[in-house]
1. Report, for the chain, the % of DSSP beta bridges that are antiparallel, rounded to 5.
2. What residue among Gly39, Gly17, Gly61 shows peak mean-square fluctuation when the chain is described by a Gaussian network model with Cα springs under 10 Å?
3. Given the -39500 (n - 2.57) contribution per DSSP H run of 4+ residues, what per-residue ellipticity at 222 nm results for the chain, rounded to the nearest 500 deg cm²/dmol?
4. Any number yet on Rg/Rh for the range 106-240, C-alpha, Kirkwood?
5. Enumerate lysine pairs in the range 44-122 that are 8 or more residues apart or on different chains, then count those whose Cα atoms are under 21 Å apart.
6. Please give the charge dipole size of the chain, origin at the Cα centre, charges +1 on K and R Cβ atoms and -1 on D and E Cβ atoms. Round to the nearest 20 debye.
7. Loop-only trypsin sites (Lys or Arg not before Pro) in the range 32-97, please: DSSP not H, G, I, E or B, and at most 14 other Cβ atoms within 10 Å.
8. Find, among the GluC sites (Glu not before Pro) in the range 82-154, those assigned to loop by DSSP (not H, G, I, E, B) with at most 14 other beta-carbon atoms within 10 angstrom.
Amino acid sequence: MKEKTILEVNNLRLSYGGIVAVRDFTLTLNKGSFLAIIGANGAGKTTLLKGLSGLKQSSGGSIKLKNRDITRTKANDRATNGITLVPEGRGIFSRLTVMENLLVGSFVKKYDKNSLEEKVEEQLILFPKLRERLNQLAGTLSGGEQQMLAIARALIGVPDLLLLDEPSMGLAPIITEQIFDVIRDINREGVTVILVEQNAGLALKMARQAIVLESGEIVQNANATELLEDDSVKKAYLGI
Ligand code: ATP
């Protein structure tokens with residue numbers, strides 16, 4: 001089957017007042033891709049994900065999702081159309097229970113009772129730890145469980161494109177590994193993934209394609225395994 005383009009970004013610019021944080025960002029992504037975005041602190045990675053998810057409006061360029069121009073649409077519209085962001089810091093509702101957080105994620109689709117139960121069950125199969133905690137306030141979960149909940153809450157809306165901002169942040173390596181195993185499975189099932197990670201080594205091992213951002217600009221866009229072997233990447237981001 002011929003791969004289909006899911007996302008087309010052309011010359012995207014994202015600014016804070018007069019400061020341009022991301023410039024000339026151009027990318028075409030096929031359905032089922034797994035793209036990592038790496039770069040130093042302040043390179044523009046989080047801003048880019050905000051720009052793609054609609055949390056931040058662009059100051060130039062265009063974004064098409066499934067061949068529809070979404071440049072001027074808001075985050076809720078983009079979520080309904082298939083882009084979901086799992087934000088840095090997870091963004092779960094700490095005073096709601098785990099189940100209530102999952103229900104919030106389901107609002108992007110108009111599920112009937114049976115499909116909703118099915119979708120919740122799918123998440124609990126992916127993340128069995130959440131099943132034991134369904135009625136617990138989300139704020140009382142461990143960091144790893146909160147990250148699992150944030151991802152489950154995104155997946156319940158069945159996104160076509162999942163944006164993940166630093167999912168490994170603050171987590172023990174073993175928990176990160178569990179979470180990344182799930183992310184890999186989700187991608188294998190056809191969900192397109194864009195992963196932003198400080199842990200460049202991990203990101204490049206997970207992804208098939210990778211972009212290096214420096215001061216808001218793409219300086220490399222290549223096969224992830226190639227970048228793992230690239231001398232400048234090794235030196236700047238892998239500490240080798
Ligand atoms: P980090 O890994 O530290 O999160 P990042 O690559 O995600 O970094 P961004 O957070 O996107 O980078 O920041 C890109 C640039 O935009 C930086 O120069 C930052 O100072 C600036 N910036 C980010 N948020 C704001 C804001 N709310 N107001 C003004 N400038 C901002």
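1. Values: 22 of 39 bridges.
Roughly 55 percent of the beta bridges in the chain run antiparallel, per DSSP.
2. Taking springs between Cα atoms under 10 Å, the residue moving most is Gly17.
3. Result for the chain: -10000 deg cm²/dmol, rounded to the nearest 500.
4. On the way: Rg = 16.8 Å, Rh = 16.4 Å.
Here Rg/Rh amounts to 1.02.
5. Lysine pairs satisfying the spacing and distance rule in the range 44-122 number 18.
6. Values: 30 positive and 28 negative charges, 143 e Å.
Approximately 680 debye in magnitude.
7. Details: sites: Lys45, Lys50, Lys56, Lys64, Lys66, Arg68, Arg72, Lys74, Arg78, Arg90, Arg95; in loops: Lys56, Lys66, Arg72, Lys74, Arg90, Arg95.
Sites meeting the loop and neighbour criteria: Arg72, Lys74, Arg95.
8. Working: sites: Glu88, Glu100, Glu117, Glu118, Glu121, Glu122, Glu132, Glu145; in loops: Glu88, Glu132.
Counting only loop positions with at most 14 other Cβ atoms within 10 Å, the GluC sites (Glu not before Pro) in the range 82-154 are Glu132.
Just so you know, all these numbers are worked out from the coordinates, no wet-lab data involved. Small disclaimer: the values here were computed from a predicted structure and weren't measured. Counting neighbours? That spans all protein chains shown, and the Cβs are built from the backbone with ideal geometry, glycine included.
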